[in-house]
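Colleague: Have a look at this one.
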Amino acid sequence: MKITRREFIKCTAASSAFMAIGVPFSFAAAKDKNVDHWVKGVCRFCGTGCGVMVGVKDKKVVTVKGDPNNHNAGFLCLKGALMTPIIYSKDRVTEPLIRKNGKLVPASWNEAMDLVASKFKDAIKKDGPTAVGYYGSGQALTEETYLASKIFKAGLNSNNVEGNPRLCMASAVGGYVTTFGKDEPCGTYDDIDAATCLFIIGSNTSECHPILFKRIAARKQSDPNVKVIVVDPRKTNTARIADVHVAFKPGTDLALLNSMAYVIIQEELDNYRFHSKYVSFMDNKKNKLTFKDYQKFLEDYTPEKAEKITGVPAATIEKIAKIFAESSATTSLWCMGINQRIRGVWANNLISNLHLLTGHIGKPGATPFSLTGQPNACGGVRDTGGLAHLLPAGRLIKKKSHRNEVEKLWGLPQDSLNPKPGYHTMAMWSALAEGKLKALLVLCTNPAHSLPNLNKYVNGMKRKDTFIALIELFKDAETVKYADVVLPPAYWCEREGVYGCSERRYALVEKAIDPPGQCKPAVDILIDFAKRVGVDPKLVPYKNSADIWDEWRAVGRPTTYNFWGITRERLRKESGIKWPCPTEDHPGTDIRYVRGKDPNIPKDHPNKYHFYGKPDGKAVIWFRPYKAAAEEPDAQYPFVLTTGRVIDHWHTGTMTMKVPELRRSFPKAYVEVNKKDAKKMDIQNGDNVLLETRRDKMVFQARVSDVCRPGLVFVPWFDANLLINKLTYDAIDPGSKQPEFKICAVKVSKA
Ligand code: MGD
Ligand code: MGD
Ligand code: SF4
């Protein structure tokens, strides 16, 4: 089905109109006559993980439509529907490139891989295994991240395995693990359809998870009693459908959430039967405390006190707390407004606190649901243990019993895995800047654009005595400028592998076409790398990515992730399966931690709820005090700068800028300024505005509106010509090590 220009314009016009309320369109109804065959896959972009069907004609991808059998029921947003031109962009890297005399020049695979291997071997010989590392992505396939992590941790004895999920989901992982003892959400997208209150905090769902927003909007339309609360300092498109939009002072979520808990208890809306049986109470020092202690802790957060911190009227805090607690089923959804903060883990805990306090958990429509950003941050990186402190399926590097279990599964001698966690992302890029890390393999991420406080880290990338091998799709990606070798990968549907989205759903991306030129699947590149660098061949015995999947199933089997039943054959037939899924005839799991729903809980378990991640089976309500952002506004830098996304661009724009329709809708970054602030500074729409932080300054065109609350400015970060990350701050959450992209102090003036 090749869509004609006329049909497309009709579709996009309809889409844009629908997009205003976030309702996407479906190509499903279009005729299929110009397609030879359809191949099943998953959208390349966001963590919603929509199922797609890729239309192939004459060995070329000609179109993409929504998979009617996946959770998206055939719908896609524009980014998903318009993926085709990206595949055929003239800017693809189609042959290996190596830097000679400062310039990247074509080389054979052999020459390029020999160079990469020799640099890694030299670094290890000179400075030991911690002088090398891998920096990956929540967009790489599960097989790729699992393999890279195994090659470095088991093959090279280096735990320097990180990736962009550290910039994204680390606080959510920290939140789930500290509250429930296990990572990943307990509910699924189906909860949206059953919720009577949707509490959306720090998520612009409409632009960043459009197909889920469609579901939220549909739910609200279906029942007038459904209430939507949006907590975001900007009046985003998501906020437009809110019954209550709380445009509070950025960075004050902790005070607001504690205050909601205070009101819930004060109004006797807590579920005592639930929390007295299934919850324990703990302070920051991990002292076990009581419900009474919790009440006392919350006295610092009466609505009146919280009003002073958050700028939200006490009556509004009371109102949203009551809606949250009184609804028959509340689902919370959150994303980067919560995670990208120096107290991101705490903020995650406090959202779960509200669910544990009210018992809004483990029932259809009632769940604390962290939205994942990337299509495979959950399945690929969090689950396979593709971070510096993790081993596969929730195991920890620091735990001897976990290491020993993995050693056995990987056929390694006992106690051979390195017990010391490697560098987390920001430490890794600092180590490169300081010359401690000598050689880095980078896959499917563009750090020279996406790291915070960029100047500092890019200076490190420029060092002559360090080596970066980059596996990258496009010549014009910012990081290519600093790479010593660039290796050409097969893209998305040019190779096969699994993606795992926000709702624990694993789905297969099937190969539809051959890659262009000399491009190779990353799995092949990694295996070649392992062989040349001297990794024991027994560690990489795979013939194809399906072999890696089977090993990964076996490695997950002894854990509560247990997805043994998700075989490749099933993935080919079904449009995704949600783990745990212990056997081949198991349908997958919607609700975790509830007897009869979660296969990890024996049918005869005495308790209905069992939080098996914790030794006592109880989830934790944490006492987390309010703490301000790392860099609050002051007299010199009086505004807050926040950064985020727009609907039509993906991250660093390397892919979406290749799609004319998407590029046209947002050709350039801009700065959103509140009307009242603009008036005071005599700034009109389209004027040049200078933004200056303690790290750098840059000029953007103004968009004057009431989207940002006064005192806040917003810049989208997709534009490689206006790298806003030169201005952002790299303070990190001490628990999750995730940077505070969402808040820094800035001076704003008319340029
Ligand atoms: P952001 O725009 O980063 O997107 O998805 P979101 O987190 O929804 O930030 C969300 C909101 O946080 C913003 O509206 C901002 O105003 C708000 N915010 C800022 N400060 C605060 C605060 O102090 N408290 C609260 N409560 N909110 C605050 C991100 C997600 O999107 C991710 S992580 C990825 S990796 C994907 N990327 C992506 C993309 O690049 N483009 C598009 N179109 N969709 C995407 N989907 C995914
Ligand atoms: P992407 O544009 O997704 O951004 O940051 P990045 O991961 O750096 O980079 C993916 C790269 O992989 C691109 O260069 C693309 O061309 C390439 N690529 C695409 N497909 C393939 C493939 O199949 N194989 C290979 N090898 N390469 C491929 C994301 C990161 O950014 C994230 S996840 C978050 S949540 C942060 N959010 C954020 C923010 O909210 N504000 C600011 N200011 N900065 C942020 N940075 C972080
Ligand atoms: Fe792709 Fe996300 Fe859009 Fe679904 S909502 S089509 S996964 S970008």
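Colleague: Test of understanding: among 643, 654, which residue is in a loop (DSSP other than H, G, I, E, B), under 26 Å from residue 481 (Cα atoms) and not charged (D, E, K, R)?
Modeller: The conditions single out 654.
Colleague: For a quick check of your reading of the model, give me the residue pairs whose first member lies in the stretch 561-587 and is assigned by TED's automatic domain parsing to the domain that holds residue 189, whose second is open to solvent by less than 20 Å² (accessible area, probe 1.4 Å), with beta-carbon atoms closer than 9 Å and at least 6 apart or on different chains.
Modeller: Note: no pairs meet the criteria.
Colleague: When the stretch 728-748 is examined, which residues are found to be charged (D, E, K, R) and either within 16 Å of ligand 3 (Cβ to nearest atom) or open to solvent by 50 Å² or more (accessible area, probe 1.4 Å) (or both)?
Modeller: Once the filter is applied, which keeps residues that are charged (D, E, K, R) and either within 16 Å of ligand 3 (Cβ to nearest atom) or open to solvent by 50 Å² or more (accessible area, probe 1.4 Å) (or both), the stretch 728-748 yields 737, 747.
Colleague: Also: Of all the helices (runs of 4 or more DSSP H) wholly in the stretch 224-339, which have at least 3 residues that are within 12 Å of ligand 1 (Cβ to nearest atom) and of a type in the set (Phe, Trp, Tyr)?
Modeller: Helices (runs of 4 or more DSSP H) meeting the threshold: none at all.
Colleague: Just checking, does the stretch 389-396 include any residue being surrounded by fewer than 19 Cβ atoms within 10 Å (Cβ to Cβ), free of Cβ contacts under 8 Å to residues at least 40 places away in the same chain and either over 28 Å from residue 220 (Cβ atoms) or away from ligand 1 (no atom under 15 Å from the Cβ) (or both)?
Modeller: Yes: one or more hits.
Colleague: Step by step: first the residues of the stretch 513-548, then only those that are over 28 Å from residue 124 (Cα atoms) and acidic (Asp, Glu), then the one that is most open to solvent (accessible area, probe 1.4 Å). Which residue is that?
Modeller: For the stretch 513-548, the residue satisfying everything is 514.
Colleague: Determine whether the stretch 161-178 contains at least one residue that is open to solvent by less than 50 Å² (accessible area, probe 1.4 Å), within 16 Å of ligand 3 (Cβ to nearest atom) and in contact (Cβ under 8 Å) with a residue 24 or more places away in the chain.
Modeller: Restricting attention to the stretch 161-178, the residues satisfying the condition of being open to solvent by less than 50 Å² (accessible area, probe 1.4 Å) are 161-176, 178.
Those left that are additionally within 16 Å of ligand 3 (Cβ to nearest atom): 168-169.
The next check asks that each one be in contact (Cβ under 8 Å) with a residue 24 or more places away in the chain; those that pass are 168-169.
Yes; the residues of the stretch 161-178 include at least one that is open to solvent by less than 50 Å² (accessible area, probe 1.4 Å), within 16 Å of ligand 3 (Cβ to nearest atom) and in contact (Cβ under 8 Å) with a residue 24 or more places away in the chain.
Colleague: Suppose we filter 367, 372 for residues that are part of a strand (DSSP E or B) and open to solvent by less than 10 Å² (accessible area, probe 1.4 Å); which single one remains?
Modeller: Being part of a strand (DSSP E or B) and open to solvent by less than 10 Å² (accessible area, probe 1.4 Å) holds for just one of 367, 372, which is 367.
Colleague: Do we have any residue at all in the stretch 450-468 that's within 16 Å of ligand 1 (Cβ to nearest atom), charged (D, E, K, R) and touching a residue at least 24 places away in the same chain (Cβ under 8 Å)?
Modeller: No: zero hits.
The values are calculated or read from the model by the stated rules, or taken from the named source; none is laboratory data. Fair warning: this is a prediction, and the values are worked out from it, not measured in the lab. Backbone-built Cβ (ideal geometry, glycine too); neighbour counts: all protein chains shown. For the accessible areas, the whole protein counts, side chains as well, though only heavy atoms, and no ligand, DNA or RNA atoms are used. Shrake-Rupley method; radii C 1.70, N 1.55, O 1.52, S 1.80 Å.
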